[in-house]
1. Along the positive direction of the dipole of the stretch 105-155 (beta-carbon charges: Lys, Arg +1; Asp, Glu -1; about the Cα centre), which of Leu133, Leu105, Pro118 reaches farthest?
2. Among residues other than Leu165 whose Cβ falls under 11 Å from its Cβ, what is the net charge (Lys/Arg +1, Asp/Glu -1)?
3. Over the chain, what relative contact order in percent results from Cα pairs under 8 Å that are six or more residues apart?
4. What distance in nm separates the simple spin-label points at Lys18 and Glu73, each placed 7 Å from Cα in the Cβ direction?
5. Ignoring any ligand, DNA or RNA, what whole percent of the accessible area of the stretch 67-209 comes from carbon and sulfur when the probe is 1.4 angstrom?
6. For the chain, build the charge dipole from Cβ charges (+1 Lys, Arg; -1 Asp, Glu) around the Cα centre, then report which of Val158, Ala59, Ser193 sits farthest towards its positive end.
7. Around Ala60, under 11 Å between beta carbons, what's the net of Lys plus Arg minus Asp minus Glu among the other residues?
8. Let me make sure I get this right: for the stretch 82-137, a, b and c are the square roots of the gyration tensor eigenvalues over alpha carbons, sorted descending. Under 1.5 in a/c it's rounded, otherwise prolate if a/b > b/c, else oblate. Which is it?
Amino acid sequence: MRVALVDYDSGNLHSAEKAFALMGREAGAEVVVTSDPAEVARADRIVLPGDGAFPACRAALDAVPGMVEALHEAVIARAVPFMGICVGMQMLAEIGHEYRDTRGLGWIGGEIEAIRAPGLKVPHMGWNDLRVLRPHPLLDGIATGDHAYFVHGWQFRVADPAHLLATADYGGPVTAVVGRDNIVGTQFHPEKSQAVGLRIIGNFLRWRP
């Protein structure tokens, strides 16, 4: 099994590569960091990380010739399992409103909105409890109360509640995990979330949607 970690100059790939490679050894998976759309199109699993502002991440993704088309062909046309992380997860939305309206990949209905948490510091940064809303193979062995590491000021408001798999509480529910069909995304950084994050990465690598 070959796992493509998409490199589009948006996000720190080093820790993600280490975490996926660690769990990949247990799952018999080879993890490659690549900016080659052909490599992404051939992969058995695809991971899209992302740090920073939504418009900048989308522009960086569009700047890699053929990458968006390769992702669509693999994930939508051939149902290759896909995982988005942080802004990579937000890219699944139809539109983001950070700084200016920017289209997302549109694979999960909804939009990216600012976190509104009166009396609390935004961005939402640090460890927070997960609240698991519905069972999913990605969350096998993960329970409400388990901790994950977040760094974000914007969140994914899904159009269909069935696509919301887990939340965290930060002045109200904040989206933590989304998913539908062969597509999942975590707002938190699993590669920085210690045992919980490694469990989620391992679950993704073993997932057969």
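The values are calculated or read from the model by the stated rules, or taken from the named source; none is laboratory data. Note that this is a predicted model, so its numbers are computed, not measured. Cβ: placed from backbone, ideal geometry, glycine included. Neighbour counts: every protein chain shown. Surface accessibility is based on the protein's heavy atoms, side chains included, excluding ligands, DNA and RNA. Shrake-Rupley method; radii C 1.70, N 1.55, O 1.52, S 1.80 Å.
1. Ranked along the dipole, the leading option is Pro118.
2. Local net charge: +3.
3. Over the chain, the number comes to 20 percent.
4. Reported label-point gap for Lys18 and Glu73 is 3.5 nm.
5. The C+S portion of the solvent-accessible surface of the stretch 67-209 is 51 percent.
6. Ser193
7. Cβ neighbours under 11 Å give a net charge of -3.
8. The shape class here is oblate.
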